[in-house]
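A.B. asks: I have a structure here, written as C-alpha cells, and I will follow up with some questions on it.
What follows draws every value from the coordinates through simple rules; no lab data is involved. Remember, predicted model here, so these are calculated numbers, not experimental data. All Cβ positions, even for glycine, are placed from backbone atoms using ideal geometry, and neighbour counts span all protein chains on display.
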Amino acid sequence: MPPLIEEEDGKTVTHSKSEDQCNCLARKLLLVPTDSDNKATAPLLPFVPTKFCLTPQLSRADVQKLLRNMLRLRATVKGGVLNMLVKICQDVLAPDLTEFCKICLVSSLTTELTFNRPVNACFRLSYHPTLFKTATTIVLRKPSGPYSIPKNWRPIALLCPIGKLFESAITKALTSIAEENDMIPSQQMAFTGRTTTTALVYIKEIIRAAWSVGKVASLLSLDMSGAFNRVNRARLLEILHEKGVPEPLIVLIQSFLSYRTTTIKIPGTTSHPYAVNNGIP
C-alpha cells in the first residue's frame, strides 16, 4: 500500500508505517476514533424491557432460500468458514440453521445465562452472538486515484457467513412488518419489487407529464457521503419503537448494534480491533 496522506489540524501528514495507515483508514473510512480509550458500547433502548417471547416465523424453506441467495465469496474472517462451503452444504445445514435462527429470535430478558454453550443461551435471549459482530475490514482500490488519498479506497467488512444468514433472517422479519403495516413510502426505491429500473421509469413518467403541459422538468440529486456510517443507533431504536416494531425485535436489533468491533487488514499486517459505535454495519 502506498503512503497515505491525511490532513490533521491544518497540516498534511504522511503515513508510511502499516499501523499508522490502518489508523488513518479507520478514521477516514469507518469514522471511528483510534485512541485506546474508545471502547465498544451498546445503544440505549427507548423502553424498559420486560419478559416476553417473540414467536419465530422462519421455516426450513425460508432458511434454504436465504442460503441460496448468499454470495459465493471466497474471503472469510478469522475462525470463520467460506460462504461457498456453506452454500454447498446447504441441504445438510438448513435444518440446524433453521432452529438456530428461531432460537436467536426467542427472547426472555429476565433469564440468566446458565447454559454451557452460547447457542443454548439463545433459547432464552433476543441475542446476536459476539462472534457475528467481529469483522475484518479489507480495503479495495476505487477506479480512480490517487491512492495516497484514503477516500479512494473502498472498505469491505468481512463477517461470519452464519452471522450474515441470521442478519438476513432479521431483515426478513423487519421487511414483513414494514410491508404489513404500510411503513414504506411509495416513492422509496431499493426495496422489495422496487429496483433501479422502477426508479428510472418513475422519473421518466414525471418528466413526460411535465412536458405534456409545456413545463420544464428539473432534477435535484443529493449524495449523502458516509450516510450509513453516521446513523445514530439510539435514535434508530427510538424510531423503530415509534413505528410500532415489536419490542422483542428491537431488543434483538439493539444486540446486533452493540459491542461491535473490526480489524483492518492491509498487505502485510492486520490492525488491532477498533470499536465501532456509530452507524449501521
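A.B. asks: Rounded to the nearest 0.05, what FRET efficiency do L131 and T198 give with R0 = 41 Å and r taken as the Cβ-Cβ distance? Could you check?
C.D. replies: Result of the calculation: an efficiency of 0.65.
A.B. asks: With label points built 7 Å along Cα→Cβ from the Cα atoms of A190 and N152, find their separation and express it in nm.
C.D. replies: Output for this residue pair reads 2.5 nm.
A.B. asks: Go through K65/K164; K39/K151; K142/K172; K133/K243 and tell me which ones have a Cα-Cα distance over 22 Å in this structure. Walk me through the numbers before you get to the answer.
C.D. replies: Details: K65/K164 13 Å; K39/K151 25 Å; K142/K172 31 Å; K133/K243 26 Å.
Violating the 22 Å limit, Cα to Cα: K39/K151; K142/K172; K133/K243.
A.B. asks: Between H241 and E7, what FRET efficiency follows from the Cβ-Cβ distance if R0 is 41 Å, with the result rounded to 0.05? Before the final figure, lay out each step's value.
C.D. replies: Values: r = 39 Å, r/R0 = 0.96.
Efficiency computed from Cβ-Cβ geometry: 0.55.
A.B. asks: Could you tell me the relative contact order of the range 148-280? Use alpha-carbon pairs under 8 Å, at least six residues apart, and round to a whole percent. Intermediate results must be reported in sequence, preceding the final value.
C.D. replies: Numbers: 66 pairs, mean separation 23.4, N = 133.
Result for the range 148-280 is 18 percent.
A.B. asks: Mind listing which trypsin sites (Lys or Arg not before Pro) in the range 159-231 are in a DSSP loop and have 15 or fewer other Cβ atoms within 10 Å?
C.D. replies: K215
A.B. asks: Contour minus end-to-end for D35 and F47, with contour as 0.36 nm per residue of separation and end-to-end as the Cα-Cα distance?
C.D. replies: Full extension from D35 to F47 adds 1.1 nm.
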